[in-house]
Amino acid sequence: MQSTMQDWPLTLQEVLRRGATLFADSRVVTFQGAGSRTATYAEVARRSSLLAAGLRRLGIGPGDRVGTLCWNHQEHLEAYLAVPCMGAVLHTLNLRLSARQLSFVINDGGDRVIIADSSLAPLLAAIRPTLGSLERVILVGEGGDPSGLGEVIGYEELLAGGSPLQDWPELEERQAAAMCHTTGTTGEPKGVVYSHRSLWLHSLAVIANFGLSDADRICVTVPMFHVMAWGTPYAAWARGADLLMPDRHMQPQPLLSFVLEERPTFLGGVPTIFQGLLLAAEAAGADLGFVRMGIGGGSAVPESLMRAYQRWFPLVQAWGMTETSPIGTIAEPPRGMAEEDPRYWHYRSMTGRPVPGVELRITGAGGEVLPWDGRTVGEIEVRGPWITARYHGDPAPERFHDGWLRTGDVGTVDERGYVQITDRSKDVIKSGGEWISSVELENHLMAHPDVLDAAVVGVADEHWQERPLAVVALRDGRSATAEDLREHLRGRVPGFWLPDLWAFVDQIPKTSVGKQDKKVIRRLQADGSLPVRRLVRVERA
Ligand code: AMP
C-alpha cells in the first residue's frame, strides 16, 4: 500500500527561508578580538542572496564547487546558506592542512571559486600555480595582499554589484550541497559529499538531540571547515537560535571574554577548547552558569574535564566523523540515573548510544557481527541517511561492508547499546581534535640523511589529548639531534604536527612481516623503557 503523504523535498532552501522569515530578528554575532559586530538573520539572509547573485554573475551554476578558506564568521555563514541554495556545492577547506594537502584537496574538489579570508591569502598564493580548476578568489575582509592570487574580487564589492537573487533554482534533495575532505591521515584526504537531504535530516537530529530553540545562543567553537561545524549553523538557522562566531579568536583568553560578553547557552567543541576555556575561566574566577549544555567530541572527552564543568553545566560527550556528518552517538546516562548513582560517570564517560537515524554494530576480523556484551572488541560500523556510502571520486570498497561504513574505530558495545571506543585501527594521532599523520611525519624524518628509520606514535597529553612521540634510529656514525630533526620537519608539515617528544633507539621494533610495531613502541613508552626527551611544546596559532 502506498502512503498518502506528499513527496516534499528536504532542501536547505527551506532552512534559509525559515531563518529569513520566522526568525528575522535572531542574531549573528562575530567577535573581532575587541568588540563584536552583529547582524540580524534578515540581514544575513539578504546578504546571502546577494552573494548567490554575485556568484551567478561570476558564472557559478548548479553543481559547481565554491571553496571557502575562512574562519568562523558571518560571511562564512552567508556562504553556507548561499552556495547550496543556488544549487552549487560548498567546499569547506581546512586551513591547517599543509600546502601540498591543501592543493590536493582544492584540485580534488575542482573548486572554480574560493572565498578566502584576507588574512589567509598567503596560504592560497603559495599554491596558486598548482590549482588547475580555480578561476577566481573572493577576498573577505580588509588588508589582504592579493598578489599571486590571479583574478581577485572583494567580497563586499561582489555583494554591492547586484541585487538579491530572486529566481532560486528548484533543487532535488539528493543533489550535492556541500563537501568536506577528511584530514588524510592514511593516504590522501578523501572527499565526503553531503546532500541537501542528509544535511536537512542531520540538522533535525542536532535540534532534537540537543533540544535547540530560539531561546538558545550557540557559540560555534568547532571550525566551520571541519564537518560543517557539526551541523550547528544549519540547526541554529532552522530553529532561530542566535549564532555566536568567534572568528579566529579561539584561544582560551579571547574565547572566554567573548563567551562572558555574549553568554551562550550552548557550546560545542573538541576537548582542547573546553580544557583551555576551563583554565581561563578558573583563573578569572568566571561563572559559566549561563551555559545550558556543552557537547564535546572529536576525541575522547576525559571524565575529569566533564566533572570539572559539572558545576556550571553538563559537558556531554558525542562521537562522530567527517563521514557521519558527524553526529553518531551521544553519551547520556540511562534514564532515571541520578548523579549520585555510582554508575552515572561510567555512562557519562563512554562514547555513547547511537542517535535515532544511526544504526551501529561491531564486527570481527572476518566481518562477522559481534555481540553487544560490553566486552567483545570489534570495528565499529554505522549506517544511516547522513552517513557516507562512498568517497568523492574514490569508491574505496575496503572502507565499506555490505552498505555499512567501516569507521576504523575499534571498541565495545554493551547490552544497552553504549559504545566505548578502545582504540583506532588506523595508526594516527589526534591532537587538539586535529589529526596528525604519523606516516607523513615518518616519511619526512626518514628523508633526513642522518636517519635510518623512524616511527611516530601518539602519547596521551593532558592538554592536547595526544601529542606525537618520534622514535628515531640514526645511521651509524651520524649525530643529528632532536632539535635538528624538528628543524628539518618545520615547513614540511603543519606547525602543530612537530613532535615535542623524542626518543633515540638502536632499532625500531618490527612485526613479523617487517612493519613498525607500534603496539610494542607504545608499550615501551608506557613502561618507561624508552629514553624519551621533551623539547619545547608547540602551541597552535
Ligand atoms: P574526523 O573525521 O576528523 O572528525 O575524525 C573522526 C574520528 O575522531 C573518529 O573516527 C574517532 O576516531 C575520533 N572521535 C570522534 N569523537 C570521538 C570521541 N567522542 N571519542 C573518541 N574518539 C572520537
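A few comments on the model shown:
- Filtered residue count, the stretch 339-357, keeping only those that are in contact with a Ser or Thr (Cβ under 9 Å, 6 or more places away or on another chain) and not charged (D, E, K, R): 5
Per-residue answers, yes or no, for (1) under 20 Å from the mean Cα position of the chain (by Cα); (2) open to solvent by less than 40 Å² (accessible area, probe 1.4 Å):
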| site | (1), (2) |
| --- | --- |
| ARG343 | no, no |
| MET350 | no, yes |
| ILE362 | no, yes |
| TRP386 | yes, yes |
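- Given (1) over 30 Å from PRO252 (Cα atoms); (2) surrounded by 22 or more Cβ atoms within 10 Å (Cβ to Cβ), number of the condition ALA20 does not satisfy: (2)
- The number of residues in the stretch 232-260 being closer than 19 Å to ASP25 by Cβ and open to solvent by 20 Å² or more (accessible area, probe 1.4 Å) comes to 2.
- Looking across the stretch 39-53, just one residue is β-branched (Val, Ile, Thr) and within 25 Å of the chain's Cα centre (by Cα), and that is VAL44.
- Residues in the stretch 196-231 that are under 22 Å from PHE31 (Cβ atoms) and small (Gly, Ala, Ser) were compared, and the one that is farthest from the ligand (Cβ to nearest atom) is ALA215.
Residue-wise test of (1) within 22 Å of the chain's Cα centre (by Cα); (2) away from the ligand (no atom under 16 Å from the Cβ); (3) assigned to a loop (DSSP other than H, G, I, E, B).
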{"residue": "PRO254", "(1), (2), (3)": "yes, yes, no"}
{"residue": "GLU261", "(1), (2), (3)": "no, yes, no"}
{"residue": "PRO264", "(1), (2), (3)": "yes, yes, yes"}
{"residue": "LEU267", "(1), (2), (3)": "yes, no, no"}
{"residue": "LEU277", "(1), (2), (3)": "yes, yes, no"}
{"residue": "ALA283", "(1), (2), (3)": "no, yes, no"}
{"residue": "ASP287", "(1), (2), (3)": "no, yes, yes"}
{"residue": "ARG311", "(1), (2), (3)": "no, yes, yes"}
{"residue": "PRO333", "(1), (2), (3)": "no, no, yes"}
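- Of the candidates LEU370, LEU315, the single residue that is crowded, with 23+ Cβ neighbours inside 10 Å, at pLDDT 95 or above and farther than 30 Å from VAL193 by Cβ is LEU315.
- Residues satisfying the stated conditions in the stretch 195-245, i.e. in a loop (DSSP other than H, G, I, E, B) and of a type in the set (S, T, N, Q): SER213, THR221
- GLU172 falls short on exactly one of the conditions (1) over 30 Å from THR407 (Cα atoms); (2) surrounded by fewer than 15 Cβ atoms within 10 Å (Cβ to Cβ), and that condition is (1).
The values are calculated or read from the model by the stated rules, or taken from the named source; none is laboratory data. As the structure is a prediction and not an experimental result, all values here were calculated from the model. Positions of Cβ are backbone-derived with ideal geometry, glycine not excepted, and every protein chain shown enters the neighbour counts. When the accessible area is computed, the model is the full protein with side chains, heavy atoms only, and any ligands, DNA or RNA have been set aside. Shrake-Rupley method; radii C 1.70, N 1.55, O 1.52, S 1.80 Å.
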